[in-house]
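Heads up: the structure comes next, in structure tokens.
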Amino acid sequence: MISELFTTAVLIGILTSGIRLATPYLFASIGEMFGQRSGIYNLGVEGIMLMGAFAAFYVTMTYGNPWLGLLAAIIVGSIMGLAMSFISVTLQAEQGISGIGIYLFGLGMSDLLFQKMLGTVETVSGFRPVSDSLNRIFPDLLPGLAGIPVIGAIVSILAQQNIMVFMAYLLVPIAWFIMYRTTLGLKIRAAGENPAAADALGVSISRTRYATVTFGGAMAGVAGASLSIALLNVFQQNMTSGLGFIAVALVYFGGWRPYGVLFGAILFSMVNAIQLWIQALNIPIPGDASELLIMMPYVLTIIVLIFSAGRMRKPSALGVPYERGG
Amino acid sequence: MLDFFVKYPRLSRLVDLALPLLATLAALGVGAIMLQLLGANPVDAYGALLNGAFGSQNALADTIVRATPLLLVALGICIAFRGGVINIGGEGQLVAGAILGTLVGLTFPEAPGYIVIPVALVAGFIGGAIWGGIPGVLKAYYNVNEILSTIMLNIIAVQGMNYLLRQPMIDPAQAQLASRIPQTARLVQAFDLPRLVPTRLHLGALIAVILAFVVYIYLWRTTSGYRIRAVGLNPDASSYAGINVKRNIVLALLLSGAFAGLAGAIQVYGVHHRMFTDGSLAGFTGSAGFNGIVVALFGKLNPLGAIPASFIFGALIVGANSLQRAMQVPAALITALNGLVVVFVVASDYFSRRLARSRQIGVEANVEPSPPASMPPALSVEGDMSSD
């Protein structure tokens with residue numbers, strides 16, 4: 001029954017998975033937000049995520065160290081972001097379509113590498129929940145806190161997450177600080193709002209955009225890694241299944257602001273967590289239409305976009321290649 | 001080198017036309033390196049690919065059969081992109097059309113084929129139009145970015161398809177079995193699209209080619225098509241000239257979806273004769289909704305250019321499968337190469353622009369650079385119709 005959803009254990013379960021599920025979105029969306037704030041939108045996020053996921057998985061499996069895997073994802077993501085920068089900034093190509101090209105390349109290439117280098121779906125031991133290392137260092141800490149009513153629940157939710165989840169959430173205030181409290185952030189915003197004026201003031205538009213899009217690529221790679229070596233610990237073909245495109249949508253959804261993106265990512269993930277738990281608990285669905293549940297987060301995203309699109313102001317120069325005197 | 005083309009402007013226009021081919025050759029060159037790294041001889045591999053795509057009458061027929069949905073989707077993409085809207089929803093629109101088209105055949109199994117087939121194809125057209133019209137309305141009247149809404153609608157479509165094929169539309173024979181394979185019953189044989197020659201080649205290919213000419217005439221010889229292109233070129237000027245920009249945005253996306261939907265219905269009636277799902281979109285569509293974008297770009301967003309373009313990509317897909325069989329090179333290589341082709345073709349526009357500029361400078365000094373020949377400028381001014 002639906003009332004089964006409202007027991008403490010299940011609510012804690014939903015919160016735990018909801019918080020965890022937001023991880024890849026946060027990395028990819030915050031990275032994409034930087035690119036879009038500087039005027040470039042990269043639809044190739046999904047493809048870069050797949051490549052990052054594969055790189056992280058393969059390196060982690062080979063060397064047994066998830067940190068090396070993470071590094072590999074950053075490198076692969078940066079290279080693909082750099083490629084996107086070159087296409088969209090230097091060659092001034094239409095960004096939406098270039099992104100689709102990057103996506104198809106990543107989709108095919110990660111599949112190809114998977115078939116050639118792995119062959120079968122395997123699991124890897126990636127990042128462990130933080131409770132593992134906490135228990136090792138302070139054996140009494142978690143059992144001690146567990147008894148306290150509300151704090152115990154919060155601690156148990158957090159302790160089950162792995163380090164990449166925390167990094168994803170930490171990225172949000174860092175992104176906010178860079179965007180609104182540093183010269184770099186000012187340059188990025190200027191490049192996306194009024195590149196001609198910024199250029200006249202000595203900001204290198206192309207260098208700024210190269211930096212943000214490459215960073216966005218690196219973060220997309222990390223987002224992929226968060227799937228393959230932290231959340232799922234497997235790699236298979238097309239394992240992102242649209243997640244990267246959702247990440248792009250969340251940037252619009254969040255109105256190009258870090259905390260807006262955070263809100264969108266959490267909302268989307270919580271709805272997803274609820275539908276996953278409804279399925280896990282075998283709660284009967286009218287007409288046995290579990291697919292309708294899976295649709296929920298996507299329908300919700302469209303609805304929120306309808307209500308928010310009018311109010312959001314996107315970067316004025318988003319999608320417009322910059323050319324001096326052009 | 002540019003000076004050279006300034007002297008011979010006609011030659012530079014030739015280069016313009018050849019650029020997609022050069023871009024493809026470049027992508028195939030990268031592919032050759034990848035093949036070498038995969039331990040396959042590139043010459044042998046491309047030989048196997050060509051042989052698989054053109055080596056026999058059956059191979060050639062298969063290539064055309066694979067090209068058909070690509071061409072139809074590409075026709076829709078031509079309309080959308082010319083109208084300044086980016087439709088990424090071909091996959092979902094194809095599925096929506098296939099569902100509605102299949103329903104017609106399943107509902108009237110006794111009716112004669114010469115009635116059911118046309119009605120089903122029209123139903124497919126309408127199904128795609130609905131699924132394309134939704135993002136059109138969302139963009140025109142609610143300012144929702146069409147790239148995002150079409151992507152969301154793709155996912156909603158695949159889940160809808162999975163539900164329908166698992167529950168209400170499931171093959172009654174499968175419903176009795178424990179396996180319950182999610183697919184519809186096979187449509188009555190009388191509803192199979194007629195074969196053109198004794199191969200798998202069916203009437204749908206001919207329909208697609210005819211429609212390519214229809215879309216060409218529509219875009220360049222009718223007022224409605226002119227309006228769509230005008231909105232794509234400059235929404236502000238179009239609005240000032242009295243064109244209803246919002247309505248034309250909806251129309252462009254609706255028509256775009258309709259052609260993808262028709263592709264879905266033709267796949268059902270010409271190739272599969274039923275609907276089935278492996279849970280993913282590509283399982284049913286074969287990624288035609290995405291690859292159609294590649295084809296349209298390759299044809300420089302010209303419906304007639306999409307005909308040879310679809311043939312080339314149909315050949316790549318069919319050839320990739322025999323490449324996989326003959327040399328154990330995963331067909332995923334072709335997906336990756338498709339991506340490279342897109343990137344190279346779009347990037348090659350840069351050289352088109354430089355050529356165009358050098359032509360102008362050759363004619364008269366200090367002229368403003370012209371926009372790229374192949375891409376409506378409004379495409380790059382993505383989203384935002386609030387000025388209307």
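Quick look at the values:
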read-out: Qualifying residue in the range B:360-379 (condition: crowded, with 20+ Cβ neighbours inside 10 Å, at the interface with chain A (Cβ under 9 Å from one of its Cβ atoms), in a helix (DSSP H, G or I) and modelled with pLDDT under 80); value: yes
read-out: Which listed residue, of B:Phe290, B:Phe344, is touching a residue at least 12 places away in the same chain (Cβ under 8 Å), part of a helix (DSSP H, G or I), over 15 Å from the mean Cα position of the chain (by Cα) and within 10 Å of another protein chain (Cβ to nearest Cβ); value: B:Phe344
read-out: Some residue of the range A:152-161 being over 30 Å from A:Phe215 (Cα atoms) and more than 28 Å from the chain's Cα centre (by Cα); value: yes
read-out: Among the candidates B:Leu219, B:Leu211, B:Leu253, B:Leu233, residue that is buried (at least 16 other Cβ atoms within 10 Å of the Cβ), closer than 30 Å to B:Tyr163 by Cα and either in contact with a strand residue (DSSP E or B) (Cβ under 8 Å, 6 or more places away or on another chain) or not aromatic (Phe, Trp, Tyr) (or both); value: B:Leu253
read-out: Count of residues meeting criterion [part of a helix (DSSP H, G or I) and either within 30 Å of A:Leu186 (Cβ to Cβ) or within 14 Å of chain B (Cβ to nearest Cβ) (or both)] in the range A:255-275; value: 14
read-out: Residue check, B:Leu28 assigned by TED's automatic domain parsing to the domain that holds B:Leu333, under 25 Å from B:Val346 (Cα atoms) and within 24 Å of the chain's Cα centre (by Cα); value: yes
read-out: Residue in the range B:230-248 that is assigned by TED's automatic domain parsing to the domain that holds B:Leu193 and within 18 Å of the chain's Cα centre (by Cα) present; value: no
read-out: Matching helices (runs of 4 or more DSSP H) fully within the range A:142-254 where at least 3 residues are buried (at least 24 other Cβ atoms within 10 Å of the Cβ) and of a type outside the set (A, V, I, L, M, F, W, C); value: A:205-226
read-out: Conditions (1) of a type in the set (A, V, I, L, M); (2) under 25 Å from A:Thr240 (Cβ atoms); (3) modelled with pLDDT under 90; (4) buried (at least 24 other Cβ atoms within 10 Å of the Cβ); number of the one not met by B:Leu323; value: (2)
read-out: Search result, residues across the range B:141-150 that are more than 7 Å from chain A (Cβ to nearest Cβ) and closer than 12 Å to B:Val85 by Cα; value: B:Glu146, B:Thr150
read-out: Count of residues meeting criterion [surrounded by 13 or more Cβ atoms within 10 Å (Cβ to Cβ), assigned to a helix (DSSP H, G or I) and of a type outside the set (Gly, Ala, Ser)] in the range B:33-50; value: 7
read-out: Residue pairs meeting the criteria (Cβ under 7 Å; at least 6 apart or on separate chains; first touching a residue at least 40 places away in the same chain (Cβ under 8 Å), in the range B:240-251; second acidic (Asp, Glu)); value: B:Val245/B:Asp388; B:Lys246/B:Asp388
read-out: Residue match in the range B:88-103 (condition: crowded, with 24+ Cβ neighbours inside 10 Å and in a loop (DSSP other than H, G, I, E, B)); value: yes
read-out: B:Val30 being part of a helix (DSSP H, G or I), in contact (Cβ under 8 Å) with a residue 60 or more places away in the chain and in contact with a Ser or Thr (Cβ under 9 Å, 6 or more places away or on another chain); value: no
read-out: Qualifying residue in the range A:211-218 (condition: at pLDDT below 90 and within 22 Å of A:Met164 (Cα to Cα)); value: no
read-out: Residue ID - farthest from the other protein chains (Cβ to nearest Cβ), chosen from residues in the range A:276-289 that are more than 23 Å from A:Tyr25 (Cα to Cα) and part of a helix (DSSP H, G or I); value: A:Pro286
read-out: Residue among A:Phe27, A:Phe34, A:Phe57, A:Phe86 that alone is more than 25 Å from B:Gly289 (Cα to Cα), within 14 Å of chain B (Cβ to nearest Cβ) and touching a helix residue (DSSP H, G or I) at 6+ places or on another chain (Cβ under 9 Å); value: A:Phe86
read-out: Some residue of the range B:121-141 being in a loop (DSSP other than H, G, I, E, B) and not charged (D, E, K, R); value: no
read-out: Top-ranked residue in the range A:116-139 [being free of Cβ contacts under 8 Å to residues at least 12 places away in the same chain and of a type outside the set (D, E, K, R); ranked as nearest to the other protein chains (Cβ to nearest Cβ)]; value: A:Gly119
read-out: Hits in the range B:147-203 - residues which are surrounded by 14 or more Cβ atoms within 10 Å (Cβ to Cβ), aliphatic (A, V, I, L, M), assigned to a helix (DSSP H, G or I) and free of Cβ contacts under 8 Å to residues at least 60 places away in the same chain; value: B:Leu148, B:Met152
read-out: Among residues of the range A:112-131, those that are in a helix (DSSP H, G or I) and closer than 22 Å to A:Thr62 by Cβ, counted; value: 7
read-out: Scope the range A:290-322; condition at the interface with chain B (Cβ under 9 Å from one of its Cβ atoms), farther than 30 Å from B:Met161 by Cα and either modelled with pLDDT of 85 or more or surrounded by 15 or more Cβ atoms within 10 Å (Cβ to Cβ) (or both); matching residues; value: A:Met312, A:Lys314, A:Leu318, A:Gly319, A:Val320, A:Pro321
read-out: Options A:Ile40, A:Ile74: the member that is in a helix (DSSP H, G or I) and of a type in the set (Val, Ile, Thr); value: A:Ile74
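Conditions (1) more than 18 Å from the chain's Cα centre (by Cα); (2) within 14 Å of another protein chain (Cβ to nearest Cβ); (3) of a type in the set (A, V, I, L, M, F, W, C), marked per residue:
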{"residue": "B:Ile126", "(1), (2), (3)": "no, no, yes"}
{"residue": "B:Gly132", "(1), (2), (3)": "no, no, no"}
{"residue": "B:Lys139", "(1), (2), (3)": "yes, yes, no"}
{"residue": "B:Met152", "(1), (2), (3)": "yes, yes, yes"}
{"residue": "B:Gln167", "(1), (2), (3)": "yes, yes, no"}
{"residue": "B:Ile181", "(1), (2), (3)": "yes, no, yes"}
{"residue": "B:Pro194", "(1), (2), (3)": "yes, no, no"}
{"residue": "B:Gly204", "(1), (2), (3)": "no, no, no"}
{"residue": "B:Leu211", "(1), (2), (3)": "no, no, yes"}
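Yes/no per residue for (1) assigned to a helix (DSSP H, G or I); (2) touching a residue at least 60 places away in the same chain (Cβ under 8 Å); (3) under 26 Å from B:Thr335 (Cα atoms); (4) of a type in the set (Phe, Trp, Tyr):
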residue	(1), (2), (3), (4)
A:Gln36	yes, yes, no, no
A:Met49	yes, yes, yes, no
A:Thr62	yes, no, no, no
A:Leu107	yes, yes, yes, no
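The values are calculated or read from the model by the stated rules, or taken from the named source; none is laboratory data. This is a predicted model, so every value here is computed, not measured. Because the Cβ atoms are built from the backbone with ideal geometry, glycine has one as well, and the counts that use them run over all protein chains shown.
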